[in-house]
Amino acid sequence: MDYKIVGYVSKAGRLGTYKHTATAKNKFADGNRVLLESFGSEPVKFWVDESKLVAAPPQSEAARANAETKQCWECGGSFTYRECREHDGEWGDSYCGC
Ligand SMILES: [Zn+2]
């Protein structure tokens with residue numbers, strides 16, 4: 001399933017990384033509602049206002065070191081699947097989203 005990686009600050013004030021999997025028009029106000037899905041074995045799905053999205057926290061050095069990387073055909077930079085999803089790239093086409 002295609003998704004974009006985004007950041008969202010929970011009501012408890014914690015910045016988390018989520019999959020943005022769907023967008024729908026807000027019936028009650030201007031703007032869109034977006035469906036977020038958490039990572040992990042028991043993902044939680046919930047809708048939030050699109051305006052509440054923030055930049056995703058960067059992938060940790062440790063996670064990046066263990067992740068498969070590709071080289072972008074456009075800019076030549078190396079990128080992980082996570083970074084590709086974060087920047088609307090095309091993993092299959094080796095495009096980082098630059
Ligand atoms: Zn690139």
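The values are calculated or read from the model by the stated rules, or taken from the named source; none is laboratory data. Just so it is clear, the structure is predicted and the values come from calculations on it, not from any experiment. Here the Cβ positions follow ideal geometry from the backbone for every residue, glycine too, while neighbour counts run over all protein chains shown. Just so you know, the surface numbers come from the protein's heavy atoms only, side chains and all, with ligands and any DNA or RNA stripped out. Shrake-Rupley method; radii C 1.70, N 1.55, O 1.52, S 1.80 Å.
If you check F28 against the conditions, is it out of contact with any helix residue (DSSP H, G or I) (no Cβ under 8 Å at 6 or more places or on another chain), under 21 Å from C84 (Cβ atoms) and open to solvent by 40 Å² or more (accessible area, probe 1.4 Å)?
Working: out of contact with any helix residue (DSSP H, G or I) (no Cβ under 8 Å at 6 or more places or on another chain): yes; under 21 Å from C84 (Cβ atoms): no; open to solvent by 40 Å² or more (accessible area, probe 1.4 Å): yes.
No: the conditions fail for F28.
Considering only residues of region 54-71 that are open to solvent by less than 50 Å² (accessible area, probe 1.4 Å) and under 26 Å from T23 (Cβ atoms), which is nearest to the ligand (Cβ to nearest atom)?
Here the answer is Q59.
Take the residues in region 50-82 that are of a type in the set (D, E) and modelled with pLDDT of 95 or more; name whichever of them is nearest to the chain's Cα centre (by Cα). Reasoning before the result, please.
To start, the set of residues in region 50-82 that are of a type in the set (D, E) comprises 50, 61, 68, 74.
Of the ones still in play, those that are also modelled with pLDDT of 95 or more are 50, 68, 74.
Numbers: E50: 13, E68: 17, E74: 21 Å.
Among residues in region 50-82 that are of a type in the set (D, E) and modelled with pLDDT of 95 or more, the one nearest to the chain's Cα centre (by Cα) is E50.
Go through region 54-68 and report how many residues are touching a strand residue (DSSP E or B) at 6+ places or on another chain (Cβ under 9 Å), under 15 Å from F39 (Cβ atoms) and free of Cβ contacts under 8 Å to residues at least 40 places away in the same chain.
Residues in region 54-68 being touching a strand residue (DSSP E or B) at 6+ places or on another chain (Cβ under 9 Å), under 15 Å from F39 (Cβ atoms) and free of Cβ contacts under 8 Å to residues at least 40 places away in the same chain: 3 in total.
Does any residue in region 69-98 that is more than 21 Å from V6 (Cβ to Cβ) and among the aliphatic types (A, V, I, L, M) come within less than 9 Å, Cβ to Cβ, of a residue that is outside any strand (DSSP E or B) and more than 9 Å from the ligand (Cβ to nearest atom) six or more places away or on a different chain, and which pairs are these?
none
Here is a yes/no grid of residues against (1) open to solvent by 40 Å² or more (accessible area, probe 1.4 Å); (2) over 23 Å from E37 (Cβ atoms); (3) within 16 Å of the ligand (Cβ to nearest atom):
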| site | (1), (2), (3) |
| --- | --- |
| K52 | yes, no, no |
| G77 | no, yes, yes |
| E86 | no, no, yes |
| G89 | no, no, yes |
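Enumerate the pairs (first residue in region 1-14 and of a type in the set (K, R); second residue anywhere and not in a loop (DSSP other than H, G, I, E, B)) with beta-carbon separation below 9 Å, excluding pairs fewer than 6 apart on the same chain, so at least 6 apart or on different chains.
K4/K19; K4/H20; K4/T21; K4/R85; K4/E86
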